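Q: Please see the structure below; I have some questions.
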Amino acid sequence: MRILVLGGDGYLGWPTAMRFSDRGHDVTVVDNFARRRWHLEQSTDSLTPISSLEDRIEVWESVSGRRIDARVGCIEDGEFLDAVVADCLPEVVIHYGEQPSAPYSMRSRQTAVETQQTNVIGTLNLLFSMKSHVPDAHLIKLGTMGEYGTPNIDIEEGFIEIEHKGRKDTLPFPKLPGSLYHCSKVHDSTNVHFATRIWGLRATDLNQGVVYGIETDETVRDDRLMTRFDYDETFGTVLNRFCVQAVVGHPLTVYGAGGQTRAFLNIKDTLRCVELAALNPADRGEFRVFNQFTEQFSVSELATLVQKSAAEVGHKVEIESYPNPRVELEHHYYNASNQKLLDLGLEPHPLGDELVKSVLHVIDRYRDRVIERALTPRTKWNPGELEGGALSVAQQT
Ligand code: NAD
Ligand code: USQ
């Protein structure tokens with residue numbers, strides 16, 4: 001298949017591009033290197049030393065014999081994107097190319113606007129390009145489990161059957177996003193759903209949980225194929241951060257009470273899920289939603305697991321409760337369905353001691369690159385409010 005990967009220089013996009021290329025597909029990646037720029041702006045960096053996209057492509061060709069095509073440019077630039085889509089005529093478009101950090105979106109008015117502009121306008125441009133040039137292609141759009149928030153009912157996959165005043169309908173599952181980044185994903189979902197209903201496009205919205213892990217079958221083939229691995233308070237996600245903290249002897253930064261429960265998956269399972277979606281496309285006019293995760297954990301459970309696994313390889317690790325910089329429930333019900341990807345054949349890599357230890361082992365190789373000041377949580381959801389999670393406690397009552 002001809003596959004276009006938007007955001008193909010990123011944490012998930014680069015391994016995805018290699019995976020499909022290795023399977024014999026013709027892959028084109030698009031990126032504007034925004035993620036690299038955002039790091040430069042805040043003087044942080046990926047833990048893993050990552051090569052330029054150009055070098056990665058050369059190395060991949062030398063180890064696999066296959067060439068990945070690259071186009072450098074901005075997805076919000078509709079004319080650029082339109083020309084890429086018209087030229088590549090993809091059968092599948094995998095859209096990772098967004099600003100993915102909740103804290104970044106909450107830092108200031110400017111970063112909130114940048115986030116929504118990048119994400120919402122980028123996706124809107126893509127929908128128009130697909131409608132014009134490849135109306136039969138399958139859009140695989142990366143959404144997020146955080147679109148649903150933490151409702152006090154089970155989370156279904158995109159839709160829920162509702163009975164109201166004696167009448168029934170199946171409607172989009174209610175959304176309660178917890179950051180302006182997560183709001184952008186909800187806006188995207190609305191627009192993608194619209195394009196399937198009105199223009200007959202075919203789309204799969206992958207509501208993905210928090211991804212962890214550092215290696216995939218393709219990244220380990222050569223050090224220069226490594227993907228990025230972020231641990232700073234803005235771009236690092238919780239389990240990846242805890243693993244880096246454990247290796248450098250920093251207390252694990254549990255925000256607030258630590259009862260926040262989220263859905264998680266290994267980066268290897270991300271690749272498999274996206275592959276399953278691509279091999280089993282949505283129908284014309286269908287807006288299909290998969291909840292893309294394998295397990296649920298609270299933040300405290302993750303901290304305890306990392307502490308235990310780290311102790312087994314000689315790292316003594318403290319767990320510390322930090323005043324929660326975010327406004328979120330710290331004790332809540334959480335039960336989400338992920339049946340659709342399992343039905344398609346997903347065989348999850350579960351999280352356990354051995355997996356954590358393998359991540360710690362890789363991190364250990366690069367421990368000298370860790371910028372410790374970047375570990376401390378700084379971005380507050382509501383900077384004017386009282387310290388110590390007062391707002392989040394109030395919200396729970
Ligand atoms: P990432 O930042 O590493 O990758 C995104 C890539 O898109 C980056 O290389 C960036 O430079 C590029 N990009 C951003 N804006 C662009 C634009 N306007 N034009 C061209 N390129 C642009 O992030 P990631 O962790 O790989 O996440 C990929 C996608 O998956 C995102 O949409 C994110 O919201 C979603 N997601 C990620 C996770 C996770 O835990 N990593 C979980 C759920 C969903
Ligand atoms: N948390 C801590 N300590 C930390 C970092 C985070 O306790 O050091 C807590 C947060 O308060 C939150 C939970 O861990 O309750 C998850 O935070 P996170 O930063 O790992 O994840 P999040 O901000 O939700 O965003 C990440 C990705 C995003 C993706 C999302 C999936 O950055 O791209 O969409 O995970 S989900 O959470 O399912 O929406």
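The values are calculated or read from the model by the stated rules, or taken from the named source; none is laboratory data. Keep in mind the model is a prediction, meaning the values are calculated, not measured. Methodologically, a virtual Cβ is constructed for each residue, glycine included, from the backbone with ideal geometry; neighbour enumeration extends over all protein chains shown. Side chains included, ligands, DNA and RNA excluded: accessible areas come from the protein's heavy atoms. Shrake-Rupley method; radii C 1.70, N 1.55, O 1.52, S 1.80 Å.
Q: Add +1 for every Lys or Arg and -1 for every Asp or Glu among the other residues with Cβ under 14 Å from the Cβ of ARG19, and state the total.
A: -1
Q: With just the Cα atoms defining each centre, how far is segment 21-41 from segment 301-351? Give it in Å.
A: Spelled out, the Cα-based centre of one part sits 28 Å from the other.
Q: Expected output is a single nm value to one decimal: the length gained when fully extending between ILE371 and LEU89, i.e. 0.36 nm times separation in residues minus the C-alpha distance. What is it?
A: That works out to 97.3 nm of additional length.
Q: Of LYS141/LYS357; LYS175/LYS308; LYS316/LYS357; LYS131/LYS185, which ones are farther than 24 Å apart at the Cα?
A: In this structure, LYS141/LYS357; LYS175/LYS308 lie more than 24 Å apart at Cα.
Q: Here is a further query. Any number yet on Rg/Rh for segment 2-375, C-alpha, Kirkwood?
A: So for segment 2-375, dividing Rg by the Kirkwood Rh gives 0.95.
Q: Okay, moving on. How big is Rg to Rh over segment 208-328, alpha-carbon atoms, Rh as the Kirkwood inverse-mean-distance radius?
A: Taking Rg over the Kirkwood Rh, I get 1.04.
Q: Working out 0.36 nm times the residue gap between ILE160 and ASP353, then minus their Cα-Cα distance, what length gain in nm do you get to one decimal?
A: 65.9 nm
Q: Something else now. I want to check the label-to-label distance for ARG109 and ASP364. Put each point 7 Å from Cα in the C-beta direction and report it in nm to one decimal.
A: Once both label points are built, they end up 5.0 nm from each other.
Q: Out of the DSSP beta bridges found with both residues in segment 2-375, what percent are antiparallel (nearest 5)?
A: 20 percent
Q: Equivalent-ellipsoid semi-axes (√(5λ), Cα gyration tensor) for segment 18-73, whole Å, largest first?
A: Value: 25, 13, 9 Å, ordered largest first.
Q: So, one more: Would you please report the Å³ per residue occupied by the convex hull of the alpha carbon atoms in segment 1-45?
A: Taking the convex hull of the Cα positions in segment 1-45, it is 50 Å³ per residue.
Q: Hey, another quick one. Give me the net charge for the shell around PRO325: Cβ to Cβ below 9 angstrom, other residues only, Lys and Arg +1, Asp and Glu -1.
A: +2
Q: Out of GLN116, GLY13, ASN207, whose Cα points farthest toward the positive end of the dipole of segment 2-375 (charges: +1 Lys, Arg; -1 Asp, Glu; placed on Cβ)?
A: Farthest towards the positive pole: GLN116.
Q: Continuing with the same structure: For a quick check of understanding: with a 1.4 angstrom probe and all protein chains in place, what accessible area in square angstrom does ARG197 have, to the nearest ten?
A: 140 Å²
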